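I have placed the structure first, in the form of structure tokens, so that the comments after it can refer back to it.
Every number here is computed from the coordinates shown, using simple stated rules; none is lab data. As the structure is a computational prediction, the values presented were derived from the model and not from experiment. Positions of Cβ are generated from backbone atoms using ideal geometry, with glycine treated the same way; all protein chains shown enter the neighbour counts.
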Amino acid sequence: MLMALATHYPGEPTFAALSAATGIDLAQVGAMVDRLAEAGFVELRRSPEGGRSSRARLTEPGMAVAFGLAQPGDDARRVVEQLDAATLVEIERQRRRRSCSRRLAAAPGSID
């Protein structure tokens with residue numbers, strides 16, 4: 001589930017979008033994301049569309065685990081704090097590249 005969230009970063013997918021991306025039942029996705037939020041790997045936000053839907057976004061510790069920089073049992077916050085500046089710059093560069101690629105793919109007239 002962390003990798004599914006990582007592919008959406010910096011976006012905030014709905015549980016339905018995560019269910020569609022992973023093939024996991026919506027109720028199970030909700031339970032998994034709730035556990036990840038309790039562990040500090042995910043932030044939950046109310047969907048701006050209203051209703052009961054929520055959106056999920058990886059936290060920095062969640063990203064550290066998703067990208068193999070830390071293990072779920074590690075103190076992921078400490079791992080993130082100990083990353084050197086070059087690694088943090090590279091993570092940010094990759095995040096921006098992914099964000100730019102998504103915007104280009106969503107642009108009208110984009111080539112599939």
Quick check: pseudo-label points 7 Å beyond the Cα along Cα→Cβ at M3 and S53, how many nm apart are they?
2.6
Label-point gap, in nm, between Q82 and E43 - each point 7 angstrom along Cα→Cβ
2.5
Taking the mean number of other Cβ atoms within 10 Å as a proxy for protection, how do you rank 16-25, 32-41 from highest to lowest?
32-41, 16-25
Would you mind putting 9-15, 92-98 in packing order, based on average other-beta-carbon counts within 10 Å, highest first?
9-15, 92-98
